[in-house]
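Peer 1: Dropping a structure here in structure tokens format, bear with me for questions.
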Amino acid sequence: MAIEKEKKTCGQVMTEWKEFVWNPRTHEFMGRTGSSWALILLFYLVFYGFLTAMFTLTMWVMLQTMDAHLPKYQDRLSIPGMMIRPKTDALDITYNITNTETWDSYVKMLNNFLEPYNDSIQLANNDNCTPGRYNEQPDNNGVLNYPKRACRFNRTLLKECSGLNDTTFGYREGRPCILIKMNRVINFFPGANHTINVTCAAKKEEDVLKLGDMAMYPDNGNIDLMYFPYYGKKVHVNYTQPIVAVKFLNLTRDTDHNVECRINAANIVTADDDRDKFAGRVSFKIRIDKE
């Protein structure tokens, strides 16, 4: 026959709990004496102190192997990516000529992007380099050549797409400008000592006539070799990467135009690979509505 367990009263429970927190007879706090608490706290202090010291030493050793100016490891891209400005989430430039609000944000983005390219800023910060050859600046027998000198890319090189003469970049009159830039890759020498340029065209052959004529700035969409190589953000502190502008002169209105721009260089292969749509090329849509 089972023996019924005696139920404790509320007072007994409280008494037992008080004795667990502090037992005056055994001088125990929460079941441990003072010496027991001291030993366990000392153990954890030594244990976590050792882990902290080990982590700190590991981080210090790792940092000694790193260059403060150049990444030790980088995803070296064989085909640099390309991007446009103004930049939208879907690379879709759509606006209405008669509605200023639809294209005003594009103009502001272009102005903000080109601010560092102002001729006065370039004159103050960057060098007048020799065109047609790479601007190599190696270290000299272990002596670090920092910071590296950057070559000037003046905003005026973009001519009709500089935003200086036409402050709306052609958007008001339906002849918009799009800026194209190649992503930076450290110590990359595009072109293999040969000319580099950017070309743009309709993605579909049947849309060529609808796309109309285009003007490229600098002339022929050229990118000079003197802007390469790029040595990294901390080293090339005033580096302003070269850009190419394309101005659409007579786009067919109320029509979607799918455009693709490519970088043409001896050592950059722009394969038609849909898995990487920005490898040496960039595709975007542009549309101008009349009403």
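Just so you know, all these numbers are worked out from the coordinates, no wet-lab data involved. Predicted, not measured: the structure shown is a model, and the values here were computed from it. Virtual Cβ from ideal backbone geometry, glycine too; neighbours counted across all protein chains shown.
Peer 1: Could you order the peptides 178-189, 119-130 from most to least packed, using the average number of other C-beta atoms within 10 Å per residue?
Peer 2: Most protected by this proxy first, the peptides run 178-189, 119-130.
Peer 1: Still on this structure, please answer the following. Counting only pairs 8 or more places apart or on different chains, how many lysine pairs in the stretch 132-291 have C-alpha atoms closer than 23 Å?
Peer 2: Here the count comes out as 25.
Peer 1: Viscosity 0.692 mPa s, temperature 37 °C: Stokes-Einstein D of the stretch 10-62 from its Kirkwood Cα radius, in µm² per second?
Peer 2: The calculation lands on 238 µm²/s.
Peer 1: Just want to confirm a number: the relative contact order over the stretch 148-259, from Cα pairs under 8 angstrom separated by 6+ residues, in percent.
Peer 2: Averaging sequence separation for qualifying contacts and normalising by length gives 41 percent for the stretch 148-259.
Peer 1: Karplus couplings for the stretch 26-36 from phi (6.51 cos²θ - 1.76 cosθ + 1.60, θ = phi - 60°), rounded to Hz, Gly and Pro as x?
Peer 2: 9, 6, 9, 10, 6, x, 10, 7, x, 5, 5
Peer 1: Hey, another quick one. Of 198, 143, 237, how do they rank once you tally other Cβ atoms within 10 Å and put the fewest first?
Peer 2: Ranked by crowding around the Cβ, least crowded first: 143, 237, 198.
Peer 1: Separate question: Each residue of the stretch 255-263 in order: what ³J(HN,Hα) in whole Hz does its phi give by Karplus 6.51 cos²θ - 1.76 cosθ + 1.60, θ = phi - 60°, with x for Gly and Pro?
Peer 2: 9, 6, 10, 9, 10, 10, 10, 10, 8
Peer 1: Estimate the FRET efficiency between residue 156 and residue 66 by the formula 1/(1 + (r/R0)^6), using the beta-carbon distance for r and 45 Å for R0, to the nearest 0.05.
Peer 2: Here the calculated transfer efficiency is 0.65.
Peer 1: Pick out which of 26, 270, 255 has the largest mean-square fluctuation in a Gaussian network model of the chain, springs linking Cα atoms closer than 10 Å.
Peer 2: The residue that fluctuates most here is 26.
Peer 1: For the chain, what does -39500 (n - 2.57) per DSSP helix run (n ≥ 4), summed and divided by total residues, give at 222 nm, in deg cm²/dmol to the nearest 500?
Peer 2: Here the helix-only value at 222 nm equals -7500 deg cm²/dmol.
Peer 1: Looking only at 103, 22, 60, which one moves most when the chain is put into a Gaussian network model with springs between Cα atoms under 10 Å?
Peer 2: Highest fluctuation among the options: 22.
Peer 1: Moving on. Which of these, 43, 153, 20, has the largest mean-square fluctuation under a Gaussian network model of the chain (Cα springs below 10 Å)?
Peer 2: Result: 20 has the largest fluctuation of those listed.
Peer 1: May I pose another question? For residue 82, enumerate residues with amide H under 5 Å from its amide H, sequence gap 5+ or separate chain, H modeled in the peptide plane.
Peer 2: Amide H neighbours of residue 82, under 5 Å, 5+ apart: 183, 280, 281.
Peer 1: Now for a different question. Hey, what's the Cα Rg ratio for the chain versus the globular rule of thumb, 2.2 N^0.38 Å?
Peer 2: 1.74
Peer 1: Against the longest principal axis of the chain, how steep is helix 101-114, in degrees 0 to 90 to the nearest 10, with axes from Cα atoms?
Peer 2: Helix 101-114 sits roughly 80 degrees off the main axis of the chain.
Peer 1: Cα atoms only: what Rg and Dmax, in Å, come out for the stretch 108-259?
Peer 2: According to the Cα coordinates of the stretch 108-259, Rg and Dmax are 17.5, 62 Å.
Peer 1: Let me ask something additional. Write out the GluC sites (Glu not before Pro) in the stretch 154-254 meeting two conditions: DSSP loop, and at most 14 other Cβ atoms within 10 Å of their Cβ.
Peer 2: The qualifying sites are 173.
Peer 1: Return the unpartnered cysteines for the chain, using a Cβ-Cβ cut-off of under 4.7 Å.
Peer 2: Those would be 10, since no other cysteine Cβ in the chain comes under 4.7 Å of theirs.
Peer 1: From the C-alpha gyration tensor of the stretch 93-156, pull out the three semi-axes of the equivalent ellipsoid (sqrt of 5λ each), sorted largest to smallest, in whole Å.
Peer 2: Each semi-axis is √(5λ); the values are 38, 12, 11 Å.
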